[in-house]
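The structure appears below as structure tokens.
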Amino acid sequence: MNAIDKIYTDLPFYGSRRIQWELGQNHKIQVCRQHVQRLMRMMGIEAVYPKKNTSRENILHAKYPYLLKNITASVINQIWGTDITYIKLECGFAFLAAIIDWYSRYVVAWKLSPTLEMDFCVENLKTALKFATPQIHNSDQGSHFTSPRYTGILSEKEIQISMDGRGRCMDNIFTERLWRTVKYENVYMASYANFAQANAGLKTYFNFYNNQRPHSSLRNQTPSQIYFKDRTILQKN
């Protein structure tokens with residue numbers, strides 16, 4: 001599963017056939033395609049065409065247009081992005097949701113869940129909104145984010161709702177980059193044994209990510225340096 005997760009993190013457009021080839025060619029793991037498909041179903045992933053199983057659609061839920069084409073975040077809390085990703089544990093697996101500020105790359109809120117029940121996404125949103133309110137909230141079209149329970153909170157706060165086009169993971173590029181960073185810098189190396197260990201380890205990592213890890217795209221400043229500096233300026237104005 002770890003090898004599949006690493007391949008998928010690097011190449012989210014790969015389906016089971018290409019992942020099977022990659023496992024044999026570059027990881028020296030010989031396995032039939034049916035076994036790869038079964039593991040991918042367990043992990044809740046598939047190629048981005050269609051979108052990942054962690055973000056299955058509900059045809060009864062309203063969908064919203066993508067509002068961010070040719071738009072670049074120019075200030076904090078202008079655009080927040082959110083998504084869900086799979087975290088492999090030695091004893092099973094968990095699911096991680098995070099909300100990131102596009103301008104500063106600051107992770108406003110995150111939550112780990114042992115299941116894909118939607119409550120953890122709603123709780124994560126409520127936690128983030130205690131901290132600040134964005135102008136635009138962007139997600140994919142998965143049922144967690146199209147649910148009236150979720151969109152209703154955004155509407156009450158008069159937050160514009162933006163959703164990626166189907167199968168277009170790059171519409172939420174900063175969250176996708178966050179998943180790659182979290183997995184390569186923490187999850188793969190830590191090899192968490194259980195949910196409690198993963199939750200504690202990710203808490204430490206996100207503190208490091210926000211407050212100590214410089215980003216070249218931020219002129220080697222940390223997300224918190226950018227986020228709180230600009231927040232202070234906005235409050236003064």
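Scanning region 77-121 for residues that are within 28 Å of S216 (Cα to Cα) and surrounded by fewer than 19 Cβ atoms within 10 Å (Cβ to Cβ) yields a single hit, Q78.
Only a single criterion out of (1) of a type outside the set (S, T, Y); (2) within 19 Å of F95 (Cα to Cα); (3) modelled with pLDDT of 75 or more; (4) surrounded by 15 or more Cβ atoms within 10 Å (Cβ to Cβ) is not satisfied by I45, namely (3).
If the condition is being more than 20 Å from E176 (Cβ to Cβ) and either of a type in the set (F, W, Y) or assigned to a loop (DSSP other than H, G, I, E, B) (or both), then region 13-36 contributes W21, H27, K28, I29, Q30, V31, C32.
Scan region 149-162 and tell me whether some residue there is over 16 Å from I99 (Cα atoms), surrounded by fewer than 18 Cβ atoms within 10 Å (Cβ to Cβ) and of a type in the set (S, T, N, Q). Yes: one or more hits.
Do the conditions hold for I79, that is, is it of a type in the set (A, V, I, L, M, F, W, C), under 22 Å from K111 (Cα atoms), touching a strand residue (DSSP E or B) at 6+ places or on another chain (Cβ under 7 Å) and modelled with pLDDT of 70 or more? Answer is yes for this residue. Taken together, the residues in region 177-198 that are buried (at least 18 other Cβ atoms within 10 Å of the Cβ) and in a helix (DSSP H, G or I) amount to 7. In region 177-193, the residues that are modelled with pLDDT under 90 reach residues that are among the β-branched types (V, I, T) with C-beta atoms within less than 7 angstrom, at least six apart or across chains, in these pairs: R180/T9. Listed by first and then second residue, the pairs linking a residue in region 31-42 that is closer than 9 Å to S16 by Cβ to a residue that is among the polar types (S, T, N, Q), with Cβ atoms under 7 Å apart and 6 or more places separating them unless they lie on different chains, are R33/S16; R33/Q20; V36/S16; V36/Q20; Q37/S16; M40/S16.
The values are calculated or read from the model by the stated rules, or taken from the named source; none is laboratory data. Predicted model, so just to flag it, every value in this text is computed and none were measured. No Cβ is skipped: glycine too gets one built from the backbone with ideal geometry, and neighbour counts run over all protein chains shown.
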